[in-house]
Amino acid sequence: MADPAATPSGAGPPRPRSGPAPFAPQAQPSSDSPSTRLLLFILLAFSFALRALAFLRPIPSLDGVTIPDDTYYTLHLARSMAHGLGPFYGLGHTNGFQPLIGFLLVPAFWLFGDGDLLGPVRAAMVISALADTAALWMLAQILLRQSRDARVVAVVMIMWAVSPYTIANGINGLETSLAVFLLLAAVSTFPRTEAPDAGPRTFFLFGVLGGLALFARIDTGLMLAVSALLSARRLVSRGMPVVVRAAAATAAGVVLVNMPWWLYSYRYTGRIYPVSGRAVRHISQAAVHHHPTLKNFYIPEIREGVRVLLVNHWPTLILLGVLVVLIAWRSGRQGLRQLARDIWRQRLLVVFSAALFCAYTMYIFTEWFFTRYFYPINATLLLCTGLALHRWLEATAPDDRRRRRRLLPVAALYMVASIARKDFRDIYLSNDSVHLASMNIGLWARQHYPAGTIVGCPQSGGLGYFADNLTVVNLDGVVNQDAYLAMKEHRLFDYIRESKIQHLLIWSNTIDLIREESAEIPPGDLTLEMELTGFRTYRKPWRVYRVTSR
């Protein structure tokens, strides 16, 4: 893509459009100097240390705080693959998981063996933390390459390191941080379409990295679509042969990386597209009886998406807003135009983030997962904040000493705002596993029912992983194509009986999902046995129902 050149006030004549970064740093350390490399290394180590302090805590203390129930779906399937069963869950195979992290976790079960249920959980958190550190390194490289200002990059790295939102997602044992790392790696190689070196080899490398991001998390496929959209006009201007070569090279890279997984998925399930996305979209609309309108569904979804962004990013958003005001006050419209051009240089990441928000609030839904699914937007906001910081310093602090005096309070205030948050304290101090942990129901069921008992559950991650002596049938369709199809046909209770499920373990109000997705539940066929009083998950109760066979 072409990179618009923004020329700082007083920095000389405009640069050519194909030239290097538009900033003109003055007294900052060189972006490739030993001191810069040492500074970045220290901050990477600091960030990883904060995550290590968390993931070394007892697993029960983190379950329900940084470890979501979905982590146990992936661990369950990795264990099945480690045992040579393929991606087996309950009564059949599934592709309802993000594959790269699942395959990476397989060796953990070979290492720890069947007797250790917690060792693989910690291994998943370590992988997440390492990927989070790699993602921070990649973000720093992108910002350093554009701003050439190591101190601004250092402040942004501190913001990433201390944010409780970033820490929690960086040790959740899922694909979240791995996907962001690969996303940023792909974005960093996105070809400038008018550059002489933007040939098939460059596009192939971009396709490989974009394909790895897709392999890590399927919604990063939006980035590939956005890249095609942003490239189209300039590629077409160079002629159709160029378009064909660029498209073919990119597609070849994507296919090369993903074809083994697509074949693997098709072999076991007969499908390539994962069932989880279709299932969560379906159950999202169950509360409105699958008749969504603007008033009862779409507007509330968008409002919830905005709320999640504000709750998780308010320190960054406040800082970014203040910087925009300061730039406007000091440099006027010219300064804002320069900032806009700086941000537009990262348009692939910016447009992808907007598309991600729109996709989840307007089509995929699942508002209960917005906090995690919106995580890539965090990198975009921090990058934009770093660019705004640099523009502000360019306008107000031309010498090195003034820059330090301005940046130190910014970093200090952001750290105070992050550390003072309750979610930061929860990561390091919470011990309320009795009311939060997903493992509670699995450990209870493991001891309560004889081996081989068939139980059903709509929210079955922790249950399926820890109650490994039982047959746990997922009933919300996330890892069960048959349950998803039964919901679509409005015959979920019929499927429950066909599966010979003897007991339903129901979390919170998910019994409503079973009733909504069933044409009829005859009186007496579903009986409440008990409400479990010794523990909860995410502070909500579990209930046990008996299924009567006919």
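The values are calculated or read from the model by the stated rules, or taken from the named source; none is laboratory data. Since we're looking at a predicted model, the values are computed, not measured. Note that we place each Cβ from the backbone using ideal geometry, even for glycine, and neighbour counts take in every protein chain shown. Just so you know, the surface numbers come from the protein's heavy atoms only, side chains and all, with ligands and any DNA or RNA stripped out. Shrake-Rupley method; radii C 1.70, N 1.55, O 1.52, S 1.80 Å.
The figures follow:
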read-out	value
Any hit, the stretch 475-495, residues being out of contact with any Phe, Trp or Tyr (no Cβ under 8 Å at 6 or more places or on another chain), of a type in the set (A, V, I, L, M, F, W, C), in contact (Cβ under 8 Å) with a residue 60 or more places away in the chain and farther than 18 Å from PRO541 by Cα	yes
Flag if ALA420 is open to solvent by 40 Å² or more (accessible area, probe 1.4 Å) and small (Gly, Ala, Ser)	yes
Criterion: open to solvent by 60 Å² or more (accessible area, probe 1.4 Å), hydrophobic (A, V, I, L, M, F, W, C), over 27 Å from the mean Cα position of the chain (by Cα) and over 30 Å from LEU91 (Cβ atoms) - qualifying residue of VAL322, VAL311	VAL322
Conditions (1) among the small types (Gly, Ala, Ser); (2) within 26 Å of the chain's Cα centre (by Cα); (3) at positive phi: number failed by GLY462	(3)
Selection from the stretch 538-550 of residues that are out of contact with any Lys or Arg (no Cβ under 8 Å at 6 or more places or on another chain) and either free of Cβ contacts under 8 Å to residues at least 12 places away in the same chain or closer than 30 Å to THR66 by Cα (or both)	TYR538, ARG539, LYS540, PRO541, ARG543, VAL544, TYR545
Conditions (1) more than 30 Å from ARG57 (Cβ to Cβ); (2) among the charged types (D, E, K, R); (3) open to solvent by less than 30 Å² (accessible area, probe 1.4 Å): number failed by ARG217	(1)
Only one of PHE466, PHE535 that is open to solvent by 10 Å² or more (accessible area, probe 1.4 Å), in contact with a helix residue (DSSP H, G or I) (Cβ under 6 Å, 6 or more places away or on another chain), touching a residue at least 60 places away in the same chain (Cβ under 8 Å) and closer than 27 Å to SER430 by Cα	PHE535
Residue ID - nearest to the chain's Cα centre (by Cα), chosen from residues in the stretch 495-525 that are surrounded by 19 or more Cβ atoms within 10 Å (Cβ to Cβ) and in a strand (DSSP E or B)	TRP507
Selection count, the stretch 40-75, where residues are among the charged types (D, E, K, R) and open to solvent by less than 20 Å² (accessible area, probe 1.4 Å)	3
Residues of the stretch 76-95 satisfying the condition of being within 23 Å of ALA131 (Cα to Cα) and open to solvent by 10 Å² or more (accessible area, probe 1.4 Å)	HIS76, ARG79, MET81, ALA82
In the stretch 436-463, the residues that are outside any helix (DSSP H, G or I), open to solvent by 10 Å² or more (accessible area, probe 1.4 Å) and at pLDDT 95 or above	TYR449, PRO450, ALA451, GLY452, THR453, ILE454
Flag if SER353 is closer than 28 Å to SER163 by Cβ and in a helix (DSSP H, G or I)	yes
Positions within the stretch 477-489 being over 16 Å from THR71 (Cβ atoms) and not in a helix (DSSP H, G or I), in sequence order	GLY477, ASN480, GLU489
Count of residues meeting criterion [open to solvent by less than 10 Å² (accessible area, probe 1.4 Å) and assigned to a helix (DSSP H, G or I)] in the stretch 368-377	2
In the stretch 288-301, the residues that are open to solvent by 60 Å² or more (accessible area, probe 1.4 Å), touching a residue at least 24 places away in the same chain (Cβ under 8 Å) and within 27 Å of the chain's Cα centre (by Cα)	TYR298
Counted residues, the stretch 256-287 - those being part of a helix (DSSP H, G or I) and surrounded by 13 or more Cβ atoms within 10 Å (Cβ to Cβ)	21
Answer residue from the stretch 237-255, given it is open to solvent by 80 Å² or more (accessible area, probe 1.4 Å) and among the hydrophobic types (A, V, I, L, M, F, W, C) and is farthest from THR189 (Cα to Cα) among those	MET240
Enumerated helices (runs of 4 or more DSSP H) restricted to the stretch 33-99, each holding at least 3 residues that are aliphatic (A, V, I, L, M), closer than 20 Å to VAL472 by Cβ and touching a residue at least 12 places away in the same chain (Cβ under 8 Å)	69-82
Residue in the stretch 350-361 that is in contact with a Pro (Cβ under 9 Å, 6 or more places away or on another chain), at pLDDT 95 or above and among the polar types (S, T, N, Q) present	yes
Residue within the stretch 329-347 that is among the acidic types (Asp, Glu) and either surrounded by fewer than 16 Cβ atoms within 10 Å (Cβ to Cβ) or in contact with a Lys or Arg (Cβ under 9 Å, 6 or more places away or on another chain) (or both) present	yes
Single condition GLU489 does not satisfy, out of (1) under 30 Å from ALA168 (Cβ atoms); (2) out of contact with any helix residue (DSSP H, G or I) (no Cβ under 6 Å at 6 or more places or on another chain)	(1)
Residues within the stretch 378-435 that are touching a residue at least 60 places away in the same chain (Cβ under 8 Å), part of a helix (DSSP H, G or I) and polar (S, T, N, Q), tallied	5
Residue count for the stretch 203-224, restricted to those that are under 18 Å from PRO260 (Cα atoms) and of a type in the set (Phe, Trp, Tyr)	2
